[in-house]
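Following: one structure in structure tokens, then a few remarks.
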Amino acid sequence: MLRSYIRGVGSYVPPRVVTNDELSRLMSTSDEWIRTRTGIVERRYADEGVLCSDLALEASQRALADAGLAPSDLDFILFATLSPDHHFPGTGCYLQAKMGTSSIGCLDVRNQCTGFLYALSAADAFIRAGVYENILVVGAEIHSSALDFTDRGRDVAVLFGDGAGAVVLSRYDGAHRGILHTELHADGRHARALCMDVWDISKKPYITRDLIDSPALWPRMDGKTVFKHAVTELIKLFQQTIARAQVRAEDIKYVIPHQANLRINQMVGEQLGLPHGKVLNNIQKYGNTTAASIPLLLDETYRAGLLEEGDLLMLLGFGSGFTWGSALLRW
Ligand code: ACO
């Protein structure tokens, strides 16, 4: 049976640590408010001049080294981000040039917090169809340039951090390892619950001088709506994924969810009746890194020596769009 499996994984976060206390000097917030509402203790911010593709490059090189492959072994790049280097061309093209691969195809995926799972699922389909053998799947974000660090934007600004994660997905001609099942969903009726209006192509020109001083410059979020839908859909998705893949919840070693908010993941785990410790989190250290959060957590889990060949893992994500998705895999 032709399958895809994660042959290598890597991640990278910029060195600058930003604590809740540092943010509370910029706006009316507090360490206590941020910790109790979100679980976040600190996050990383990239320095001025660093691009999303730079973070992605570090993570990708680590994933390639882990896979024991060279850039020339790659057949394709899938790049998930909501903070691309520029509006166009796609950030995958910048990454490809920085890695020095040949003229392999690059596809950018714009599915926010579910972006990595959309990219992974597409890569899996390419491999199972026999089109490619080794695909680099990257999730990377630089949020720190696009946050409103005033009281107006504090609900969003405290949540997000910068980082990157990558996997090399490769062809596997066996039955013991690999991606068993993926699910992808979206409901565009909730697109306005979490969005950024800065680019409005209906306006002529699409960016005006007034826009610089308007809220449209920044991401905006209806936090309560996001919270409610995230919990409801992630629970349904978990149940649907195990039913369709014909596995039992107790067979899953770890759930590796998107890191939106610790309380969302705790509520999902509790309502599914999962034992403490099965749902992993690292939002405390990095905040919400959107498309990077799942490969970043996967890489940390792997490097901590917690994964053994054959372990059953569930990756789960929910985000702007709304979009949500899962991947069930045998490590
Ligand atoms: N610091 C201090 N006070 C704040 C902050 C802040 N950073 N942000 C908002 N507040 C204030 C609000 O203005 C409000 O004040 P008011 O009562 O005077 O009006 C008060 O705190 C409570 O605000 P709520 O929005 O009711 O707070 P809530 O308990 O809902 O928590 C939060 C807000 C954390 C955003 C929550 O709604 C949430 O977790 N939503 C999920 C959103 C999420 O996780 N998004 C991540 C990105 S999307 C994704 O990745 C899936």
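Among residues of the stretch 186-208 that are free of Cβ contacts under 8 Å to residues at least 12 places away in the same chain, those with a Cβ under 9 angstrom from a residue that is more than 13 Å from the ligand (Cβ to nearest atom) and of a type in the set (Phe, Trp, Tyr), sequence gap 6+ or separate chain, pair up as 206/199; 207/199. Considering the stretch 283-330, and only residues there that are aromatic (Phe, Trp, Tyr) and in contact with a strand residue (DSSP E or B) (Cβ under 6 Å, 6 or more places away or on another chain), the residue that is surrounded by the most Cβ atoms within 10 Å (Cβ to Cβ) turns out to be 318. Within the stretch 251-276, if we keep just the residues that are among the charged types (D, E, K, R) and in contact with a strand residue (DSSP E or B) (Cβ under 7 Å, 6 or more places away or on another chain), the residue that is nearest to the ligand (Cβ to nearest atom) turns out to be 253. Is there a residue in the stretch 242-250 that is small (Gly, Ala, Ser), away from the ligand (no atom under 15 Å from the Cβ) and within 20 Å of the chain's Cα centre (by Cα)? No, the stretch 242-250 contains no residue that is small (Gly, Ala, Ser), away from the ligand (no atom under 15 Å from the Cβ) and within 20 Å of the chain's Cα centre (by Cα).
Considering the conditions (1) modelled with pLDDT of 95 or more; (2) polar (S, T, N, Q); (3) part of a loop (DSSP other than H, G, I, E, B), residue 102 is excluded by exactly one of them, (1). Does residue 193 count as surrounded by 12 or more Cβ atoms within 10 Å (Cβ to Cβ), modelled with pLDDT of 90 or more and in contact with a Leu (Cβ under 7 Å, 6 or more places away or on another chain)? Judged against the criteria, residue 193 is not a match.
Taking the listed residues 281, 265, the one that is more than 30 Å from residue 174 (Cα to Cα) and in a helix (DSSP H, G or I) is 265, with no other qualifying. Residue 279 falls short on exactly one of the conditions (1) in contact with a Gly (Cβ under 8 Å, 6 or more places away or on another chain); (2) β-branched (Val, Ile, Thr); (3) touching a residue at least 40 places away in the same chain (Cβ under 8 Å), and that condition is (3).
The values are calculated or read from the model by the stated rules, or taken from the named source; none is laboratory data. The structure presented is a predicted model; accordingly, all values stated were derived computationally and were not measured. Counting neighbours? That spans all protein chains shown, and the Cβs are built from the backbone with ideal geometry, glycine included.
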